[in-house]
1. Return the only residue of T45, T73, T89 being without any contact (Cβ under 8 Å) to a residue 40 or more places away in the chain, surrounded by fewer than 12 Cβ atoms within 10 Å (Cβ to Cβ) and either in the same structural domain as A126 (by TED's automatic domain parsing) or closer than 28 Å to G173 by Cα (or both).
2. From the list R165, R212, exactly one residue is at pLDDT below 90, outside the structural domain of W85 (by TED's automatic domain parsing), crowded, with 20+ Cβ neighbours inside 10 Å and touching a strand residue (DSSP E or B) at 6+ places or on another chain (Cβ under 8 Å). Which is it?
3. Could you check the range 103-146 and list, in sequence order, the residues that are without any contact (Cβ under 8 Å) to a residue 60 or more places away in the chain and within 26 Å of F53 (Cα to Cα)?
4. Quick one: which of P105, P21, P7, P61 is in the same structural domain as T129 (by TED's automatic domain parsing), surrounded by fewer than 18 Cβ atoms within 10 Å (Cβ to Cβ) and under 13 Å from M122 (Cβ atoms)?
5. Name the single residue that is modelled with the lowest pLDDT among those in the range 35-71 being within 19 Å of the chain's Cα centre (by Cα) and hydrophobic (A, V, I, L, M, F, W, C).
6. Being in contact with a helix residue (DSSP H, G or I) (Cβ under 7 Å, 6 or more places away or on another chain) and among the polar types (S, T, N, Q), is that true of even one residue in the range 145-160?
7. Residues that are closer than 18 Å to D208 by Cα: list the strands (runs of 3 or more DSSP E) wholly contained in the range 104-197 that include at least 3 such residues.
8. Against the definition (under 30 Å from G91 (Cα atoms), modelled with pLDDT of 95 or more and either under 16 Å from the mean Cα position of the chain (by Cα) or in the same structural domain as D17 (by TED's automatic domain parsing) (or both)), how does I132 come out, yes or no?
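The values are calculated or read from the model by the stated rules, or taken from the named source; none is laboratory data. A quick note: this is a predicted structure, and the numbers were derived from the prediction, not measured. All Cβ positions, even for glycine, are placed from backbone atoms using ideal geometry, and neighbour counts span all protein chains on display.
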Amino acid sequence: MQAAVVPAVSSSWQVKDVPQPQPGPNQVLVKMHASGICYTDVHQTLGRLPGPFPRILGHEPVGEIVAVAPDVTMRKVGDRVGTAWIQSTCGRCEWCQRGRRMFCPYLKSTGVDAQGGHAEYMLMNADATYLIPDKVSYEQAAPIFCAGYTVYSGLRWADPKPHERVAVLGIGGLGHLAVQYAKAAGFETIAVSHSPDKDKMIRDLGADEIVRDGKSLAAAGGCRCNPQYLKFDQIDGGQHTGIAAGRPARHDGRRCGATFDLADGSHLETHSNHWEPAKRPRISVRSA
């Protein structure tokens, strides 16, 4: 099969003939129909993320299953599937037991420890695959396995309650999905955007209100934030007083109720544990 191979750190991608893999235990072989490009691919190419070279990148892969291992019963040939960043973890370590699988020391990541989707075929762990509805095209589905997964993860960890409102800071590649997810989940949704030319699109996506900065966010009622998943320096002019409080997650997964004034920039990340900005959307919640 052909694949886009990164032969060494900071080298150009090369389309090469490589052996076609065959499914082992708990694996399916997927014929690629789309493989999204993420800026993380650039970081990996430059060696900023650990992993062996040569490597085949691509962690937004979707396609059709063409072969399954004998022990696989949850998937079948012909299924339309995709997979996300995590292929497998040990399931036994402290992080796995706490539900923080991304910190597992035995983590195998798509496009890092396991071959990615920038190829004609790719192996996926069967229990790491997700079925794609027939009405969703492969091209639409591919980015959902990174950008969409990131947004959903942030919304899930922010843990908004039915009476709370959600604010999304920055309506870009992740933010436009965050607005749709929050609205689809039934929350009052505020978009924080510096780009008036995006207003119509933001309204069409379902936002109930659009504000420009911290002051206008405060005037709209402010919001409660989870600083573990936010990057506050994106708000203009240090106007952070519109963002009132934090419910950061402790290492044991419980929420603490610390409230602090974000006008003091030195406090923005004091409660942030293992913050990974490249993988966290900017989602905030506030009681109405």
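1. Result of the check over T45, T73, T89: T73.
2. R165
3. C104, P105, Y106, L107, K108, S109, T110, A114, A128
4. Details: P105 fails: under 13 Å from M122 (Cβ atoms); P7 fails: under 13 Å from M122 (Cβ atoms); P61 fails: surrounded by fewer than 18 Cβ atoms within 10 Å (Cβ to Cβ).
P21 is the lone residue from the list that is in the same structural domain as T129 (by TED's automatic domain parsing), surrounded by fewer than 18 Cβ atoms within 10 Å (Cβ to Cβ) and under 13 Å from M122 (Cβ atoms).
5. Step one: list which residues in the range 35-71 are within 19 Å of the chain's Cα centre (by Cα), which gives 35-44, 48-50, 57-62.
Pick out the ones that are also hydrophobic (A, V, I, L, M, F, W, C) and you get 37-38, 42, 49, 57, 62.
Numbers: I37: 92, C38: 90, V42: 94, L49: 86, L57: 96, V62: 98.
Once the filter is applied, the top-ranked residue is L49.
6. Among the residues of the range 145-160, at least one is in contact with a helix residue (DSSP H, G or I) (Cβ under 7 Å, 6 or more places away or on another chain) and among the polar types (S, T, N, Q), which makes the answer yes.
7. Where strands (runs of 3 or more DSSP E) fall fully within the range 104-197 and carry at least 3 residues being closer than 18 Å to D208 by Cα, they are 164-169, 188-192.
8. Numbers: under 30 Å from G91 (Cα atoms): yes; modelled with pLDDT of 95 or more: yes; either under 16 Å from the mean Cα position of the chain (by Cα) or in the same structural domain as D17 (by TED's automatic domain parsing) (or both): yes.
It is true that I132 is under 30 Å from G91 (Cα atoms), modelled with pLDDT of 95 or more and either under 16 Å from the mean Cα position of the chain (by Cα) or in the same structural domain as D17 (by TED's automatic domain parsing) (or both).
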